[in-house]
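The values are calculated or read from the model by the stated rules, or taken from the named source; none is laboratory data. On a predicted model such as this, the values are computed, not experimentally measured, just so you know. Cβ coordinates were reconstructed from backbone atoms using ideal geometry, including for glycine residues, and neighbour counts include every protein chain displayed.
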There are 2 protein chains.
Amino acid sequence: MVNFMSMKFRVVVDEREKPSGVPDLLKELGLQVEYRMLDVGDYIVSWECAVERKGERDFLKSLYSGRLFDQAHRLGETYDRPVLVVEGKLPLFVREMAKPRAFWGALATLAFEYSLSVFFTTDAGQTADLIYILTKRGGLVRPRGPFNPEKA
Amino acid sequence: MVNFMSMKFRVVVDEREKPSGVPDLLKELGLQVEYRMLDVGDYIVSWECAVERKGERDFLKSLYSGRLFDQAHRLGETYDRPVLVVEGKLPLFVREMAKPRAFWGALATLAFEYSLSVFFTTDAGQTADLIYILTKRGGLVRPRGPFNPEKA
C-alpha cells in the first residue's frame, strides 16, 4: 500500500538555474530538487506544467530578438500549462520604455496566442514561492511513479 | 462595399469605470467608447474578450472575501478570453504580506482554474494602453456589425 504521507514533492530543474538561487530556496521549502539538462523550460513542476524563468534584461532582450516567442512556442507545444516568470522590477519601468505599448502587446501575444501564464516576481524568493505553490498543486508524484522528466 | 479604413475600434465600458480615468484615456487613444451598465466585466473589447479592472486594494479585499473567484467564474463563463487587470504597485508589496504564498496561490488559481489572463499595471495610463492593444487586436467591428454588447 502506498504511503502518501511519505511522498515528497519533486521539481525537475535545469542545471543552468543553479546560480539563480531559486533551486536552493526550493530545497529549503522542502521540495525534492532534481537537476537535469532541459531542452524546454527551466522547472518542470508536473506532467503538464513547466516554468521558464527570465530576468528582466533577458526578457527584454529575447522579446526584441523574437527568441522569446520561439521559446514560448516550444514550451506550449511540450506542456499544457506553460508558465513564464519574469523576475525583477520591470513593471515599474514600463513608462520609461520607448514603446510601452509594444510591451503590453507582447504580453497579450504570450497570453492569447501562446496560452502562456505570465507572472512577475521581484526576486528569487518570490520566484521560489510561486514555483513551490505550482509544484504542490500539480507535482505530487509517487516515489516510483511514471513521471518521466527525461521525456520532456 | 465596406470601407474598412473608416471603421473605428470600439470598446464597451461599464459606466462605473468613468472615475478611473481609463475611459477618457481610451478616447484620447482614438477608440470609440460606449458606456453601458455591465453585469460582467468592466471593458468589453471584442466578442470573446472582456476585462475586469481592479485597484490593488479592491483586488486584495475581493481575494480575501472570495468575491474575486465568483467574478472570475462569471467572466470566464461569459467570455472565452477573460482578462483581469490589477492596477497599482501590489507586486512590490508581496513580501510585506502576511501570507505571500497565498497571493501566488490565488494568481495560480485564477490562471489555471479560471483561465484568466492576469496583467499588472501601475496606473490608469498603463491600463488604457493595455486595453487599447487588446481592443485593436480583437475589437475591429463593422459600424453596423452584429456585435451586440447588450447580450453580454
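Only a single item in (1) more than 18 Å from residue A:116 (Cα to Cα); (2) away from chain B (no Cβ under 14 Å); (3) out of contact with any Asp or Glu (no Cβ under 8 Å at 6 or more places or on another chain) is not met by residue A:37, and it is number (3).
Per the conditions (1) closer than 18 Å to residue B:121 by Cβ; (2) at pLDDT below 95; (3) surrounded by 13 or more Cβ atoms within 10 Å (Cβ to Cβ), the sole criterion not satisfied by residue B:57 is (3).
Quick check on residue A:34: is it more than 18 Å from residue A:121 (Cα to Cα), among the acidic types (Asp, Glu) and not in a helix (DSSP H, G or I)? When the stated conditions are applied, residue A:34 passes them.
Can we say residue A:52 is of a type in the set (Asp, Glu) and within 14 Å of another protein chain (Cβ to nearest Cβ)? For residue A:52, the condition - of a type in the set (Asp, Glu) and within 14 Å of another protein chain (Cβ to nearest Cβ) - is not met. On the given criteria, is residue B:46 modelled with pLDDT under 95, among the hydroxyl-bearing types (Ser, Thr, Tyr) and more than 22 Å from residue A:108 (Cβ to Cβ)? Answer is no for this residue. Of all the residues that make up region A:61-97, how many are assigned to a helix (DSSP H, G or I) and free of Cβ contacts under 8 Å to residues at least 60 places away in the same chain? Within region A:61-97, residues that are assigned to a helix (DSSP H, G or I) and free of Cβ contacts under 8 Å to residues at least 60 places away in the same chain number 23. Looking across region B:104-120, the residues that are surrounded by fewer than 21 Cβ atoms within 10 Å (Cβ to Cβ) and in contact (Cβ under 8 Å) with a residue 12 or more places away in the chain come down to B:106, B:109, B:114, B:115. Each residue in region A:98-137 was checked for being under 18 Å from residue B:134 (Cα atoms), more than 8 Å from chain B (Cβ to nearest Cβ) and in a helix (DSSP H, G or I), and 5 pass.
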